[in-house]
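Undergrad: Submitted below is the structure of interest, expressed as structure tokens.
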């Protein structure tokens, strides 16, 4: 999976975000047996910028950890079903924005490393681009199980476990 990285906040430049995004993309691609030529754009920003995006696109004027914009609707019609895999010449999955301050704060609060938490959020965002969601209960169960499985194969603890890190 090709990751196009846009750094909007200099604090991300000190982090290994490109490597984390590539690791997340590879984990999702291998688990779901996707084509290697898929593309994702990741914008690394801050709470001010992501709050503006959240207000504009979700009418929630507050910071959040990650937002995603799929290039097309891929969600499954039936609750709990896997979305249809992307096919054809359009390899662009969509865009993800991720906020430095929120990621750092959440990692500390959860007792996780920054890198593990960011990797989880990137896996989460990429799954959203692929049509996975967590609005309906069975869809949430499917998405969370998939995230946990992908992260486990990377040696990252289950983010939904009651036991910390």
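Coordinate-derived values only; no laboratory data. Being a predicted model, the structure only gives us computed values, none of them experimental. Cβ atoms come from the backbone with ideal geometry, glycine included; neighbour counts cover every protein chain shown.
Undergrad: Could you tell me whether the stretch 84-95 includes any residue that is closer than 23 Å to residue 6 by Cβ, touching a helix residue (DSSP H, G or I) at 6+ places or on another chain (Cβ under 7 Å) and either surrounded by fewer than 23 Cβ atoms within 10 Å (Cβ to Cβ) or in contact (Cβ under 8 Å) with a residue 40 or more places away in the chain (or both)?
TA: There is at least one residue in the stretch 84-95 that is closer than 23 Å to residue 6 by Cβ, touching a helix residue (DSSP H, G or I) at 6+ places or on another chain (Cβ under 7 Å) and either surrounded by fewer than 23 Cβ atoms within 10 Å (Cβ to Cβ) or in contact (Cβ under 8 Å) with a residue 40 or more places away in the chain (or both).
Undergrad: Now for a separate question. Can you say whether residue 79 is in contact (Cβ under 8 Å) with a residue 24 or more places away in the chain and farther than 25 Å from residue 47 by Cα, as far as the supplied structure shows?
TA: Criteria met by residue 79.
Undergrad: Within the bounds of the stretch 124-145, is there any residue that is surrounded by fewer than 19 Cβ atoms within 10 Å (Cβ to Cβ), touching a residue at least 24 places away in the same chain (Cβ under 8 Å), farther than 30 Å from residue 35 by Cα and in contact with a helix residue (DSSP H, G or I) (Cβ under 8 Å, 6 or more places away or on another chain)?
TA: no
Undergrad: Can you list the helices (runs of 4 or more DSSP H) found entirely within the stretch 51-165 that contain at least 2 residues being over 25 Å from residue 11 (Cβ atoms)?
TA: Here the list reads 137-153.
Undergrad: So in the stretch 1-18, with the set limited to residues that are assigned to a helix (DSSP H, G or I) and within 14 Å of the chain's Cα centre (by Cα), which one is surrounded by the most Cβ atoms within 10 Å (Cβ to Cβ)?
TA: Here the residue is 17.
Undergrad: Please indicate, with yes or no, whether at least one residue in the stretch 60-70 is surrounded by 13 or more Cβ atoms within 10 Å (Cβ to Cβ) and more than 20 Å from residue 134 (Cα to Cα).
TA: No: the stretch 60-70 contains no residue that is surrounded by 13 or more Cβ atoms within 10 Å (Cβ to Cβ) and more than 20 Å from residue 134 (Cα to Cα).
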